[in-house]
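Engineer: Pasting in a structure now, in structure tokens, and then I'll have a few things to ask.
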């Protein structure tokens, strides 16, 4: 992988491990010569990811919509800052710049970004490895719910298995490096078979 987009909160949360792991992830990506692509903020977990990478002499690209520049206190010392017109354009740009996805702790926006990229993967629009860094079991309940969706027939197991999960940075990156995308039947082909 040459670049990874990191989805995470503009808040720091209330457990020090969230901040520490975010910084460590940025540092590790830089040390492995992987470009960090993220939401462009200087605050919260976002800011820690960027700072960890920058302090390890890594390349960091921030992507932020114009209307969020002030609200999220955009980072001024990034390798590159890209300003978009809206949130949708932001996600498209992040997608274009990366070949892997990692989700750290965050709120509604983090989940929305992650699930859109996951859905694009399910639809065959990309074949990037999709990772969840499950710091302190933050996403245990979410993963349990997704497993329940598989059990109840709303999510296919092979699509659930696209989500790579680990509580350690190196463990997750190792899974992502070894990831082999599934052969996905095109939706148009499926429709033709049904007709």
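Coordinate-derived values only; no laboratory data. The structure displayed is predicted, hence computed values, not measured ones. In this analysis, Cβ positions are derived from the backbone assuming ideal geometry, glycine residues included, and neighbour counts consider all displayed protein chains.
Engineer: Relative contact order for the chain: what percent, with Cα pairs under 8 Å and sequence separation of 6 or more?
Structural biologist: With pairs under 8 Å counted, the relative contact order is 20 percent.
Engineer: Please find the FRET efficiency linking residue 183 to residue 142, where r is the Cβ-Cβ separation and R0 is fixed at 30 Å, and quote it to the nearest 0.05.
Structural biologist: Calculated value: 0.65.
Engineer: Considering only DSSP beta bridges where both residues belong to the chain, give the percentage that are antiparallel (nearest 5).
Structural biologist: So the antiparallel bridges in the chain amount to around 5 percent.
Engineer: Using alpha carbons only, how many angstrom separate the centre of segment 46-103 from the centre of segment 5-27?
Structural biologist: Rounded to whole Å, the Cα centres lie 14 Å apart.
Engineer: Here's a follow-up. Ignoring everything except DSSP H segments at least 4 long, calculate the 222 nm mean residue ellipticity for the chain; use -39,500 (n - 2.57) per segment, divide by total residues, nearest 500.
Structural biologist: About -13500 deg cm²/dmol.
Engineer: Sequence gap at least 6, Cα distance under 8 Å: using those rules, report the relative contact order of segment 1-47 to the nearest whole percent.
Structural biologist: 57 percent
Engineer: Further, regarding this structure: Mind giving me the nanometre distance, one decimal, between the label points for residue 92 and residue 70, set 7 Å out from Cα along Cα→Cβ?
Structural biologist: With each label placed 7 Å out from Cα toward Cβ, I get 2.7 nm.
Engineer: Moving on. What ranking, highest mean first, results for peptides 176-182, 150-156, 77-83 when packing means the other Cβ atoms within 10 Å averaged over each residue?
Structural biologist: Highest-to-lowest ranking by the protection proxy: 77-83, 176-182, 150-156.
Engineer: A further question on this structure: Could you give the Stokes-Einstein D for the chain in µm² per second, using the C-alpha Kirkwood radius, 25 °C, 0.890 mPa s?
Structural biologist: The Stokes-Einstein estimate is 144 µm²/s.
Engineer: Any chance you could give the angle, 0 to 90 degrees and rounded to 10, that helix 169-178 forms with the longest Cα principal axis of the chain?
Structural biologist: With rounding to tens, the tilt is 40 degrees.
Engineer: Residue 11 to residue 157: FRET efficiency via 1/(1 + (r/R0)^6), r the Cβ-Cβ distance, R0 41 Å, to the nearest 0.05?
Structural biologist: Once the sixth-power term is evaluated, E becomes 0.80.
Engineer: Here's something else I'd like to know. Between 169, 70, 45, where does the largest GNM mean-square fluctuation fall for the chain, given springs only between Cα atoms within less than 10 Å?
Structural biologist: Highest fluctuation of the listed residues: 70.
Engineer: In degrees from 0 to 90, rounded to the nearest 10, what is the angle of the helix 16-31 Cα long axis to the longest principal axis of the chain?
Structural biologist: It is inclined by approximately 90 degrees.
Engineer: Helix 140-151 versus the longest principal axis of the chain: what angle, 0 to 90°, nearest 10, using Cα atoms?
Structural biologist: Once rounded, one gets 10 degrees.
Engineer: Could you list 88, 75 so that the one with the fewest beta carbons within 10 Å of its beta carbon is first and the one with the most is last?
Structural biologist: Ordered from fewest to most neighbouring Cβ atoms within 10 Å, 88, 75 come out as 88, 75.
Engineer: Let me ask something additional. Taking the Cα atoms of segment 41-103 alone, what are Rg (to one decimal) and Dmax (as a whole number) in Å?
Structural biologist: Here Rg and the maximum Cα pair distance are 11.3, 31 Å.
Engineer: Take the alpha carbon gyration tensor of segment 75-173, find the square roots of its eigenvalues, order them as a ≥ b ≥ c, and report rounded if a/c is under 1.5; if not, report prolate when a/b exceeds b/c, else oblate.
Structural biologist: Note, shape of segment 75-173 comes out prolate.
Engineer: Starting from the coordinates of the alpha-carbon atoms of segment 77-124, obtain the Kirkwood hydrodynamic radius over all distinct pairs and give the value in Å to one decimal.
Structural biologist: 12.0 Å
Engineer: Using a Gaussian network for the chain with springs between C-alpha atoms less than 10 Å apart, which of these wobbles most: 125, 111, 172?
Structural biologist: Result: 125 has the largest fluctuation of those listed.
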